[in-house]
Amino acid sequence: MGNFNLHIETERLVIRPLEIKDYSTWLSEFENRSPSQHKYDEGRIDMSICTKEWFEDLVNNHQRMALEDNAYVFGVFLKEDTTHIGSIDFSTIMRDDFQWARFGYTIHNQFWRQGYGKEAVKAAIYLAFDKLNYHRIEAHINLDNTASIKLAESVGLQFECIRKGFIYEFGEWTDNLIYYINKN
């Protein structure tokens, strides 16, 4: 199997696929999360199953999904010291005449309110259009996830609609806001 190694750098960040060498910083920053700040923030997570072998399987699975064009998962790292601060992912919905994907973004809560989310998402949109050749990407956002809505709007995504009963979470089918951006 080949390697998927697309990356991009911003002023403060490096956005690239996880590598096995990232295990220590990846684990450390998950373990250093602050308690949950709101409903959509997992806060501290039990990382006891996340051994180095488990992480190697995760990295290999990400590589496989990328090579199959099913999904692309990127770690977000501080450029100055390679600290892992979050992730961005794209899932191909349909290629052919659509070139359409869903994307998600997460920044560890100990790094919030420093502009990292906006910086990472803007760079990821560039990757989606210019390197992964998507024409349309959309974010599926819970109706009351104000932080995610503000981030999506701040990088140019536009509200399209509400999809009713769209995603099964919290033990029920939930409505989601659909925000999108097309390649110009």
Leading residue by the ranking (nearest to Glu169 (Cα to Cα)) among those in segment 26-45 that are touching a residue at least 40 places away in the same chain (Cβ under 8 Å), part of a helix (DSSP H, G or I) and not polar (S, T, N, Q): Phe30
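Restricting to segment 69-90, give me the number of residues that are closer than 16 Å to Glu138 by Cα and exposed (fewer than 14 other Cβ atoms within 10 Å of the Cβ). Steps first, please.
Start the filter on segment 69-90 by keeping residues that are closer than 16 Å to Glu138 by Cα, which leaves 70-73, 88-90.
Still in the list and also exposed (fewer than 14 other Cβ atoms within 10 Å of the Cβ): 70.
Of the residues in that region, 1 qualify.
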Boolean, Glu53 is more than 20 Å from Leu177 (Cα to Cα) and without any contact (Cβ under 8 Å) to a residue 24 or more places away in the chain: yes
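Considering only segment 46-61, state which residues are open to solvent by 30 Å² or more (accessible area, probe 1.4 Å) and either in contact with a helix residue (DSSP H, G or I) (Cβ under 6 Å, 6 or more places away or on another chain) or assigned to a helix (DSSP H, G or I) (or both). I'd like the intermediate steps shown before the answer.
Step one: filter segment 46-61 for residues open to solvent by 30 Å² or more (accessible area, probe 1.4 Å), giving 46, 48-49, 51-54, 56-58, 60-61.
If the condition is that a residue be open to solvent by 30 Å² or more (accessible area, probe 1.4 Å) and either in contact with a helix residue (DSSP H, G or I) (Cβ under 6 Å, 6 or more places away or on another chain) or assigned to a helix (DSSP H, G or I) (or both), then Lys52, Glu53, Trp54, Glu56, Asp57, Leu58, Asn60, Asn61 are the ones that fit.
Could we say that Arg102 is at pLDDT 95 or above, among the basic types (Lys, Arg), more than 17 Å from the chain's Cα centre (by Cα) and not in a helix (DSSP H, G or I) here?
Taking the combined requirement at face value, the residue does not satisfy it.
Run down Asn109, Asn145, Asn133 and say which single residue is more than 23 Å from Ile20 (Cβ to Cβ) and either open to solvent by 80 Å² or more (accessible area, probe 1.4 Å) or of a type in the set (A, V, I, L, M) (or both). Reasoning before the result, please.
Details: Asn109 fails: either open to solvent by 80 Å² or more (accessible area, probe 1.4 Å) or of a type in the set (A, V, I, L, M) (or both); Asn145 fails: either open to solvent by 80 Å² or more (accessible area, probe 1.4 Å) or of a type in the set (A, V, I, L, M) (or both).
Testing whether each residue is more than 23 Å from Ile20 (Cβ to Cβ) and either open to solvent by 80 Å² or more (accessible area, probe 1.4 Å) or of a type in the set (A, V, I, L, M) (or both) leaves just Asn133.
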Count - residues of segment 112-130 that are buried (at least 18 other Cβ atoms within 10 Å of the Cβ) and closer than 22 Å to Ser36 by Cβ: 4
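The values are calculated or read from the model by the stated rules, or taken from the named source; none is laboratory data. Since this is a predicted model, take the numbers as computed values, not measurements. Positions of Cβ are backbone-derived with ideal geometry, glycine not excepted, and every protein chain shown enters the neighbour counts. Note: accessible area is taken over every heavy atom of the protein model, side chains too, but ligands, DNA and RNA are not part of it. Shrake-Rupley method; radii C 1.70, N 1.55, O 1.52, S 1.80 Å.
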